[in-house]
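Below you'll find the structure, written out as structure tokens, and then a few comments.
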Amino acid sequence: MKKIGLLGLIMSLIFNLALAQSTEPKPKLIVGIVVDQMRQEYLYRFADRYSEGGFNRLMEEGFMMKNGHYNYIPTYTGPGHASVYTGATPATHGIIGNNWYVRSLDKSIYCAEDSTVSNVGGTAASGKISPRNLLTTTITDELRFATNKRSKVVGIAIKDRGASLPAGHLGDAYWYDSENGEFMTSTYYLEELPKWVVDFNERKLPDSYLSQTWSTLYPIESYIQSIDDNNDFEAPFIGKDTPTFPYDLTALRKDNGGYGLVASTPYGNQLTLDFAYAAIEGEQLGKRGETDFLAVSFSSPDYIGHRFGPTSKELEDNYLRLDLEIEKFLNFLDETYGKGEYLVFLTADHGVADIATYMQSENVPAGNINVGYVRSQLIGYTNQVYGEGNWIINVSNDQIFLNHRLARDRGINLSEMQDNLANFLLRFNGIKEVYTASSMKNTDFTKGRANLLQMGYNQKASGDLLMILEPGWLSGGSRGTSHGTGFTYDTNVPILFYGWGVKAGTSSRYATITDIAPTLSMMLNIRLPNGATGQPITEILD
């Protein structure tokens with residue numbers, strides 16, 4: 001009888017322990033927000049025009065790492081979203097660009113492409129999308145594993161890579177089809193669209209937004225953080241001679257991408273959140289007794305930033321409008337779940353460079369390098385030194401791929417050839433440094449730009465020569481801008497946590513974007529993503 005009583009006591013303790021674990025406080029919903037191409041400085045530059053309830057609320061009531069950076073090169077959208085959600089750099093998770101050349105296939109592939117799946121909704125050309133090129137788990141995957149898949153994960157963005165990579169291997173992802181204005185998915189995720197998605201598409205919101213005129217939210221003369229609206233640095237829409245307000249979207253629509261035009265306006269942000277509200281309701285996210293995860297990526301700031309640049313009135317207007325949408329969204333989350341019952345993090349997938357021609361006009365060193373000219377000169381040099389042949393098989397992502405088979409057939413030492421061509425490339429204005437694949441493989445770089453390159457380097461997929469341009473230099477045209485470097489304008493992005501379990505505060509300690517996922521793992525008491533190299537942000541946890 002004593003043994004039976006002791007056994008009963010042990011079973012009772014085990015049951016109570018399991019019950020305690022199952023009722024351990026957790027947020028009802030996690031909302032991951034990635035603002036495509038958002039510099040950290042945008043939080044400050046426009047702060048006096050922001051509402052109290054949007055970005056300012058996140059900064060004042062949340063915890064912000066002011067010195068947050070990307071810790072690899074190249075800083076592009078695909079690698080950025082993958083790194084935020086895996087806690088790893090491209091060297092580990094495998095998404096080394098938006099597109100990259102695959103030597104064994106002799107062609108470039110897209111980071112989220114998957115030829116084995118097809119469209120569900122949308123159009124066929126936009127449907128071959130999945131996360132299969134992502135080599136590690138994500139924080140969203142680990143949440144699903146931790147609850148035996150009872151937690152739901154939904155990824156949403158206009159860009160397919162901004163939805164599919166954050167949703168991980170186990171979540172659902174929806175993206176915008178610029179051909180017909182629908183949100184869609186692929187057969188990797190579902191065999192048919194849920195009713196709530198069908199109902200949303202039937203509302204034809206893109207048509208409504210594209211029937212409007214994009215004018216400044218406030219009087220244009222009050223936009224004092226921007227340069228003159230009419231200038232020679234920004235890229236006008238087709239059919240409009242100047243890059244100036246207002247923008248009659250009905251008139252511009254036909255020649256500027258049709259339904260895709262909405263992505264290049266602030267209405268793309270509103271459309272994204274319209275779909276997020278529908279997803280929360282349709283999937284009953286955070287309302288089923290489990291922690292769910294909504295991954296939202298705002299793609300429009302990137303389209304606007306590329307065309308108009310970080311000093312434009314268009315960009316300023318975009319962030320003033322996005323701030324109001326963030327305020328509305330936070331108020332909705334308060335009403336739906338209760339303040340403090342949900343967890344939000346906000347970051348960006350990369351920053352952006354200033355328009356090179358604008359910087360030159362202000363006597364700041366900058367420039368645009370003609371990659372085609374560099375390639376032609378390199379072809380001529382290799383033919384002169386090594387004999388006629390197809391030596392340069394691809395140039396992309398500031399990397400050069402050499403013909404290994406030809407070098408082997410000619411008895412040429414590949415490592416020596418790489419060193420020789422690296423020295424040749426340093427003759428060109430705008431090229432600051434060149435690293436070889438041999439050095440990436442054989443040297444452990446622990447700091448500086450070489451380390452950033454190595455964190456983005458994949459032995460199987462990266463090129464033979466990896467170029468770093470001078471600060472302020474771009475490989476592009478005279479209008480508009482881009483990103484991709486390891487300089488601070490591309491790496492310094494927001495890292496903001498708000499809501500459940502987060503105390504207010506700031507830190508200027510150096511932190512990396514790969515610290516976000518490990519921090520979430522520690523907050524939720526779940527496994528780290530299996531390739532994670534980042535460290536938890538102790539200021540938030542302790």
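The values are calculated or read from the model by the stated rules, or taken from the named source; none is laboratory data. Quick caveat, the model's predicted, so the values are computed rather than measured. Cβ coordinates were reconstructed from backbone atoms using ideal geometry, including for glycine residues, and neighbour counts include every protein chain displayed.
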Next item on the list: State whether one or more residues within segment 239-257 are surrounded by fewer than 18 Cβ atoms within 10 Å (Cβ to Cβ), touching a residue at least 60 places away in the same chain (Cβ under 8 Å) and in contact with a Ser or Thr (Cβ under 7 Å, 6 or more places away or on another chain).
Entry: yes
Checklist line | Within segment 478-519, considering residues that are in contact with an Asp or Glu (Cβ under 9 Å, 6 or more places away or on another chain) and of a type in the set (A, V, I, L, M), the one farthest from PRO243 (Cα to Cα) | finding: VAL502
Check: Looking at VAL84, is it touching a Gly at 6+ places or on another chain (Cβ under 9 Å), surrounded by fewer than 24 Cβ atoms within 10 Å (Cβ to Cβ) and of a type in the set (A, V, I, L, M)?
Finding: no
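When segment 399-420 is examined, which residues are found to be aliphatic (A, V, I, L, M) and more than 24 Å from ASN99 (Cα to Cα)?
Here is the first cut: in segment 399-420, the ones aliphatic (A, V, I, L, M) are 400, 402, 406-407, 412, 414, 417.
LEU406, ALA407, ILE412, LEU414, MET417, listed by residue number.
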Checklist line | Hits in segment 348-370 - residues which are surrounded by 15 or more Cβ atoms within 10 Å (Cβ to Cβ) and of a type in the set (Val, Ile, Thr) | finding: VAL352, ILE355, THR357, ILE369
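What number of residues within segment 106-124 satisfy the criterion of being over 21 Å from TYR76 (Cα atoms), of a type in the set (A, V, I, L, M) and either surrounded by fewer than 16 Cβ atoms within 10 Å (Cβ to Cβ) or under 20 Å from the mean Cα position of the chain (by Cα) (or both)?
Qualifying residue count for the region: 1.
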Next item on the list: Pairs only if they're at least six apart or on different chains, beta carbon under 6 angstrom, first in segment 41-66 and assigned by TED's automatic domain parsing to the domain that holds ASN318, second polar (S, T, N, Q) and part of a strand (DSSP E or B); list them, first residue then second.
Entry: MET64/THR506; MET65/SER507; LYS66/THR506; LYS66/SER508
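Which one of ARG103, ARG57, ARG150 is over 19 Å from TYR174 (Cβ atoms), touching a Phe, Trp or Tyr at 6+ places or on another chain (Cβ under 8 Å), modelled with pLDDT of 95 or more and surrounded by fewer than 22 Cβ atoms within 10 Å (Cβ to Cβ)?
Residue meeting the stated conditions: ARG57.
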Note to self: Where the second residue is basic (Lys, Arg) and the first is closer than 23 Å to VAL35 by Cβ and lies in segment 340-365, which pairs have Cβ atoms under 7 Å and are six or more apart or on separate chains?
What the structure shows: TYR342/LYS28; GLY351/ARG39; VAL352/ARG39
Note to self: Is it the case, given these coordinates, that PRO236 is assigned by TED's automatic domain parsing to the domain that holds VAL197 and buried (at least 19 other Cβ atoms within 10 Å of the Cβ)?
What the structure shows: no
